[in-house]
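A.B. asks: Structure provided below as structure tokens; questions to follow.
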């Protein structure tokens, strides 16, 4: 079976979700051929470089412009899609090259491009859309999508209000890679903090804090964060700067009790060893921590998606969010690290939220995708047989039986 996974590098969440789905497919079906592509780059590698560069610049420095565009896109008609003849021809070429049995999209542009192809060509290739955004935009909905992976029940309800069938929506959360599922496979092991609420404060275990700035390694207020962690007794910190070499060089070896790392592959291991993670409220990060069962400390989110994610995490009780610029986040961080009971409560809420928010594991979703892809593959073989028979015998067999199969009729 061939699986075509399409994404775009508009932030790291879409690509990470695509990687997680690819991992699970390979785990379940070693014989599956997985083809993963960055669709904008496939369409035009030169223009896509410019687009990605501008996107990163706006997201990093021009938050106001970014948020305005994001809000406008959320109010656009869900029927809008990239439906020009050039996009159609390029997508048609992609399908002819890859000949997939199922198409999985983790970005709205990819979904709309695939939906446009299906609408114009009449193709019955199963289209799966993995939504990586808690704030449900209409741009994620397409009539041609056969199966949705929704991050929350609220997003599922929105999809139903747009016209999607409930039985074609699985609430999986945003898919995360296998390394973040380690704590679940081990069982709900007790974390060092668990059960310590009766301990005297002096007997409380040393706290481990992880600081992350997302894939770009950008964390506002980093200097104040590290100074606060260094000055707080009984705290050790690890900072992951990702691909941000400037930040890495600036802080490497600055404090004895602060470990500074660049890009790491096993970030899930660092999460599970932590009592608290100070991070931006990205969608993929939220669900990585949800599976790792580690509470979040979020400082003044500024991008619209991050603001929505922070509100959601705070509402579920597993994140401490500092909203106002006038608030002294350093004092709040120190107080939280000293309050073992409060940290334990945040962790308990995270375990509870995981149970409430996710009703289908990624393994179940991939199994369903495989089933739909296999059904399409078998039907395609039958339709091709009737097409050949019809052409050789000059009888309209394909038009009779082929259309019945495409429509799902049993013969």
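We did not get these values from a lab; they are worked out from the coordinates using the rules stated. Everything quoted here is computed from the prediction, not taken from an experiment. Ideal geometry is used to build each Cβ from the backbone, glycine not excepted, and the neighbour counts take in all protein chains shown.
A.B. asks: For residue 30 and residue 168, compute 0.36 nm times the residue count separating them, minus their Cα-Cα distance, and round to one decimal in nm.
C.D. replies: 47.1 nm
A.B. asks: Could you check the simple spin-label distance between residue 119 and residue 348, using points 7 Å along Cα→Cβ, in nm with one decimal?
C.D. replies: 5.0
A.B. asks: Turning to a different aspect of this structure: Given a Förster radius of 45 Å and the C-beta distance between residue 257 and residue 49 as r, what FRET efficiency does 1/(1 + (r/R0)^6) yield to the nearest 0.05?
C.D. replies: So, using R0 = 45 Å, E works out to roughly 0.65.
A.B. asks: Moving on to the next point. Would you please give the FRET efficiency between residue 249 and residue 375, computed as 1/(1 + (r/R0)^6) with r the Cβ-Cβ distance and R0 = 56 Å, to the nearest 0.05?
C.D. replies: Rounded to the nearest 0.05, the efficiency is 0.55.
A.B. asks: A further question follows. What is the P(r) of segment 266-390, as percent of Cα-Cα pairs per 10 Å bin from 0?
C.D. replies: Calculated over all Cα pairs of segment 266-390, the distribution is 12, 33, 24, 10, 9, 7, 3, 1 percent.
A.B. asks: When a footprinting reagent is the concern and you count Cβ atoms within 10 Å, what order do 375, 256 take, fewest first?
C.D. replies: Fewest-to-most ranking of 375, 256: 256, 375.
A.B. asks: I'd like the FRET efficiency for residue 221 and residue 266, computed as 1/(1 + (r/R0)^6) with the beta carbon distance as r and R0 of 25 Å, rounded to 0.05.
C.D. replies: Efficiency computed from Cβ-Cβ geometry: 0.40.
A.B. asks: Going highest first, how would you order 264-270, 8-14 by mean Cβ packing within 10 Å?
C.D. replies: My ranking of the peptides, most packed first, is 8-14, 264-270.
A.B. asks: Listing 307, 129 from the residue with the fewest other Cβ atoms within 10 Å to the one with the most, what is the order?
C.D. replies: Fewest-to-most Cβ neighbours within 10 Å comes out as 307, 129.
A.B. asks: Something else now. With a 10 Å Cβ neighbour count serving as the proxy for reagent exposure, in which order, fewest first, do 320, 107, 354 appear?
C.D. replies: 354, 320, 107
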